[in-house]
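Accompanying notes for the structure given below.
FYI, it's all coordinate maths here, none of it is from the lab. If you're wondering where the values come from, they're calculated on a predicted model, not measured in any experiment. All Cβ positions, glycine included, derive from the backbone under ideal geometry; neighbour counts span all protein chains shown.
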């Protein structure tokens, strides 16, 4: 099959990582893949994940600036008509750019993966009515990344036609910098017994980092021997500076990293304190390295984590609840090998890509 994967950019977000992984995997099993981004490929922040793209995947940038227009939509349509793919697979809210073509083309099959709960992934207030038309008529086939996201789609659109495919993540081997990272992490630790927690996400209200900081500040006051590694962009914002200023000295803000896997390998537990989620790619990365996840019970996270079995979920969204979840981990960490096996069986990219491959093939065969 000839497949176009379409997304705004290849910035450092989870959906962008997913698109690169899926493109690489589908290419490796014999499909012709074009990864199409709408924004320009000049700004480094917009192509952060391109460094992980296989040479066998063709990359193309439309070079657009921010904001939708019919002129841009027509350019995307012409590009796709020239390429004549079998499949156009859209990610995040790029589907307005293919509305026209989805109405007129009978040879191209269109799919849209919703990378969050539906009310957060439906675009502008009026757009959900347009989306619903295309979904209902099966002109664009929706895909949800978790059971909870699928349920949110059904509630939001009053439709029952979304396919459910778990997110996947390719396993990344340690980089050439692993020994440097090990030494770096050792300099942060206070003793050989220091527990290493890691948080990987951009600084954003959705990710609720203040809850994380407040919770670990409580542990610090209680004399717990730990460090928390905060990896991600956005901490130079006003909100990010406030968060940094409120953190105790056992919390280390490391910025954006292109070797997150090295830091994962040096950690004991993965922390996520989000207010809402789809199915976080960083959570799947944590499982792949055998870490115990400690998360808030939002979005698709409870679809992945069975509390007390393969991770810990806070009972609620306040500091007391999250601190209790951390303490439960300290009393009973999960076995590394079992965490890795859970990832391989359920959330590896080869498992995920095979499901997408079958979905695409079934659509073409009618």
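Helix 70-83 sits at what angle to the longest principal axis of the chain, using alpha carbons and giving 0 to 90 degrees rounded to 10?
For helix 70-83, the angle is close to 80 degrees.
Only residues of segment 264-300 count here: report those whose backbone N is under 20 Å from the spot 7 Å along Cα→Cβ of residue 147, or say none.
Residues passing the 20 Å test: 276-281, 283-284, 287, 293-300.
Within segment 8-43, find all residues whose amide N lies under 18 Å from a label point positioned 7 Å from the Cα of residue 56 along Cα-to-beta-carbon.
Residues passing the 18 Å test: 19-36.
For the pair residue 180 and residue 358, how long in nm is the line joining their label points, each one 7 Å along Cα→Cβ?
So the two model labels end up 4.3 nm from each other.
Note the direction-averaged projected area, equal to a quarter of the hull surface, for the Cα convex hull of segment 1-150, in nm².
Numbers: hull surface 34.8 nm².
About 8.7 nm², averaged over all directions.
Sticking to Cα atoms, compute the Rg of segment 285-366 to one decimal and its Dmax as the biggest Cα-Cα distance, whole number, in Å.
Spelled out, the Cα radius of gyration and Dmax of segment 285-366 are 16.2, 53 Å.
Determine Rg/Rh for the chain; Rg is computed over alpha-carbon atoms and Rh is the Kirkwood hydrodynamic estimate from the same atoms.
Values: Rg = 20.8 Å, Rh = 21.3 Å.
Reported Rg/Rh, Kirkwood definition of Rh: 0.98.
If you take the beta carbon distance between residue 158 and residue 100 as r and set R0 to 25 Å, what does 1/(1 + (r/R0)^6) give as a FRET efficiency, to the nearest 0.05? Let's see the in-between values first.
Details: r = 25 Å, r/R0 = 1.01.
Once rounded, the FRET efficiency stands at 0.50.
Measure off 7 Å from each Cα along the Cα-to-Cβ vector at residue 124 and residue 192, then give the distance between these two points in nanometres to one decimal.
6.2
In nm, give the distance between the simple-model label positions of residue 41 and residue 210, each being 7 Å from the Cα along the Cα-to-Cβ direction.
4.0
Within segment 209-239, name every residue whose backbone N is under 19 Å away from a label modeled 7 Å from Cα of residue 320 along the Cβ vector.
Residues 211-222 fall inside that zone.
Need the C-alpha centroid separation for segment 173-196 versus segment 98-114, integer Å.
47
Binned at 10 Å from 0, what are the whole-percent values of the Cα-Cα distance distribution for segment 222-366, short to long?
10, 35, 36, 13, 5, 1, 0
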